Amino acid sequence: MKRLLSLVILTLVFTLSLGSCSVVHSVLGIHTVSFDLNGGVGGEDFNESVNVFDGKTVKLPTPTRENYTFDGWFNGEEAFNAESPITQDLSLVAKWHPNKVTVSFFDYFSNLITEEIVDYGSGAVAPSVDAVIGNQKFVSWDKDFSAVTEDITVNAVY
């Protein structure tokens, strides 16, 4: 009996030493939760994956991404709830939406024509202005607004 038990233990140790972590995880009821930052940064304590015992919850990291707002962790198209018990391996992906900036357009007389709120890094659409005012002809706008990264004021140049 001792020999049989020793043989089983040696077989198990040998199998585990070959790198069969899935066997260990399966026997112990451990699941792997992996995190895809999707362009974000995880911070100094961030791990790309963590092991969680079956039925337990996972502590979700809070990533950052410059000029974006974090919408949460998603499992496919579904938002992942941190209070959900883990019952299988999961791959969670961070979802983001770009921050907004305001582009204010002013006419020849310094009157506000319109304000447009756009995604960070996107372009604004210029409003229509009078082609001619008195003997002044519209030439252009005084700033580029094709890839806006901060609130800006754009003036008509005549």
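The values are calculated or read from the model by the stated rules, or taken from the named source; none is laboratory data. For clarity, every value in this text was computed on a predicted model and none was experimentally measured. All Cβ positions, glycine included, derive from the backbone under ideal geometry; neighbour counts span all protein chains shown. When the accessible area is computed, the model is the full protein with side chains, heavy atoms only, and any ligands, DNA or RNA have been set aside. Shrake-Rupley method; radii C 1.70, N 1.55, O 1.52, S 1.80 Å.
Data overview
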read-out	value
Top-ranked residue of the stretch 74-94 - restricted to ones that are of a type in the set (A, V, I, L, M, F, W, C) and part of a strand (DSSP E or B), ranked as nearest to V118 (Cα to Cα)	A94
Count of residues meeting criterion [open to solvent by 60 Å² or more (accessible area, probe 1.4 Å) and part of a strand (DSSP E or B)] in the stretch 114-152	5
Among (1) in contact (Cβ under 8 Å) with a residue 60 or more places away in the chain; (2) open to solvent by 70 Å² or more (accessible area, probe 1.4 Å) - the single one N67 does not satisfy	(2)
Any chance D54 is open to solvent by 80 Å² or more (accessible area, probe 1.4 Å) and touching a Gly at 6+ places or on another chain (Cβ under 6 Å)	yes
Every residue from the stretch 76-96 that is open to solvent by 70 Å² or more (accessible area, probe 1.4 Å) and within 15 Å of L37 (Cβ to Cβ)	S91
Residue match in the stretch 117-134 (condition: more than 24 Å from A156 (Cβ to Cβ), of a type in the set (V, I, T) and at pLDDT 95 or above)	no
In the stretch 33-64, the residues that are closer than 20 Å to P98 by Cβ and touching a residue at least 24 places away in the same chain (Cβ under 8 Å)	D36, L37, N38, G39, G40, V41, P63, T64
Hey, V33 in contact with a Leu (Cβ under 7 Å, 6 or more places away or on another chain), at pLDDT 95 or above and of a type in the set (A, V, I, L, M) or not	yes
Among residues of the stretch 24-73, those that are at negative phi and outside any strand (DSSP E or B), counted	24
Those residues of the stretch 95-113 which are in a loop (DSSP other than H, G, I, E, B) and free of Cβ contacts under 8 Å to residues at least 40 places away in the same chain, in sequence order	N99, F109, N111
